[in-house]
Amino acid sequence: MANGKESGSAAPPLLDLTIDNITPNTIRINSQARDARLKYVMARLVSHLHDFARETRLSTDEWMAGLNFLIACGKICSDVRNEFILLSDVLGLSLLVDSINHPKPPLGTEGSVLGPFHTHDAPTLPNGASMTSDPEGEPMLALCTVRDTQGRPVPGVKIDIWETDSSGHYDVQHADRSAPSERAVLVSDDDGRFWFQGIKPVSYPIPHDGPVGKLLQLLNRHCWRPAHVHFMFEKEGWDHLITALYIRGDPYETSDAVFGVKKSLVIDLGKVDADTAAKYGVQEGSWLLKHDFVLTTQEETEKLRDQNAVEALKKLGLHNLKLVDHLPVPDVD
């Protein structure tokens, strides 16, 4: 690895630094990066960051408060809590990035936010199994299908499912957690079907005992999410889908603290009738969630993503760019 003297020997010389020229100077120094995408991303980041400071006339105290806020976010993070994901969520960035990277054609199921409480230890269960250990929850049967945009079943899809317990807490929020609960991994059958037993989802507050919670208070925003169940779909050759289903009529349906709700993802729950109860071995009158998910192929998504990128860049007046691996970089050829 080159030492500091060697790596900086060919660096562009800095000009007499001022408020007006610090930005091009920083971009010139960063332009030594060999990776074209990194060079472009850093140039845009520096430009917007510096413009933000200039436009707001950012004070030293505010700058320091911002740095301390980020430090506090880092300190509160753990293996089961990521305050930076939470921050990204409440700023609307998580949903924006997902929407850019995973656009959907009209028939495709839209994505939603991952949230900070997904884990990788959910048990793989057979279809029809119960993923809940909460005796206080209202029983719910979920009957779902996975199809492509042509209506054909997609078998062999890995579906990761998670929700809170009836108290509005994920299992990892309990100090005495000994095993996963309200979580499961299922696989769609030959007809693209999957089904499971859970509990009716409830509204709940996002963690608000840390720096993100304090930020929401300062913004006079609430910390609540509407009742929902998370789903994540994975199969080779298909676009990775992270989504959720939200229960219609929830008091926070139109003011989700992390901007996850989309109209197409809002559903009504029904009730299990006698025939369905007998077929699936559940209690008649239990809550019933029914939904047909539509996956798009990786090829479909990438094509749509490229089209959207070209159109968006034109609208922004950025004409000297090209796409490499579906990402814009300066076109210097």
Count - residues of region 135-154 that are over 25 Å from Gly260 (Cα atoms) and surrounded by 15 or more Cβ atoms within 10 Å (Cβ to Cβ): 2
Any hit, region 204-226, residues being buried (at least 22 other Cβ atoms within 10 Å of the Cβ), in contact (Cβ under 8 Å) with a residue 60 or more places away in the chain and over 23 Å from Phe69 (Cβ atoms): no
Filtered residues of region 248-268 (kept if farther than 7 Å from Pro226 by Cβ, surrounded by 20 or more Cβ atoms within 10 Å (Cβ to Cβ) and of a type in the set (A, V, I, L, M)): Ala257, Val258
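Can you confirm whether region 178-185 contains a residue that is polar (S, T, N, Q) and under 25 Å from Lys279 (Cβ atoms)? Even if it seems obvious, please write down each step before you answer.
Step one: of region 178-185, the residues polar (S, T, N, Q) are 178, 181.
So of that shortlist, the ones also under 25 Å from Lys279 (Cβ atoms) come out as none.
No, region 178-185 has no match at all.
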Qualifying residue in region 173-183 (condition: surrounded by fewer than 20 Cβ atoms within 10 Å (Cβ to Cβ), more than 30 Å from Phe84 (Cβ to Cβ) and either assigned by TED's automatic domain parsing to the domain that holds Val258 or touching a Gly at 6+ places or on another chain (Cβ under 8 Å) (or both)): no
Tally, over region 51-64, of residues that are part of a helix (DSSP H, G or I) and surrounded by 11 or more Cβ atoms within 10 Å (Cβ to Cβ): 5
Residues of region 71-92 classified as exposed (fewer than 14 other Cβ atoms within 10 Å of the Cβ) and in a helix (DSSP H, G or I), total: 3
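Collect the residues in region 16-50 that are in a helix (DSSP H, G or I) and touching a residue at least 24 places away in the same chain (Cβ under 8 Å), keeping them in residue-number order.
Correct list: Ile22, Thr23, Thr26, Ala36, Arg37, Lys39, Tyr40, Ser47, His50.
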Residue count for region 227-247, restricted to those that are over 18 Å from Ala142 (Cα atoms) and either crowded, with 17+ Cβ neighbours inside 10 Å or touching a residue at least 24 places away in the same chain (Cβ under 8 Å) (or both): 7
Pairs with Cβ under 8 Å, 6+ apart, first in region 106-118 and at negative phi and assigned by TED's automatic domain parsing to the domain that holds Arg183, second buried (at least 21 other Cβ atoms within 10 Å of the Cβ) and among the polar types (S, T, N, Q): Gly108/Thr296; Thr109/Thr243; Glu110/Thr243; Gly111/Thr243; Ser112/Thr243; Val113/Ser94; Leu114/Ser94
Residue in region 115-125 that is among the acidic types (Asp, Glu) and either surrounded by fewer than 14 Cβ atoms within 10 Å (Cβ to Cβ) or farther than 22 Å from Trp162 by Cα (or both) present: yes
Within region 103-114, considering residues that are under 11 Å from the mean Cα position of the chain (by Cα) and either at pLDDT below 95 or farther than 23 Å from Gln307 by Cβ (or both), the one surrounded by the most Cβ atoms within 10 Å (Cβ to Cβ): Val113
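The values are calculated or read from the model by the stated rules, or taken from the named source; none is laboratory data. Everything numeric in this text was worked out from a predicted model, so none of it was measured. Because the Cβ atoms are built from the backbone with ideal geometry, glycine has one as well, and the counts that use them run over all protein chains shown.
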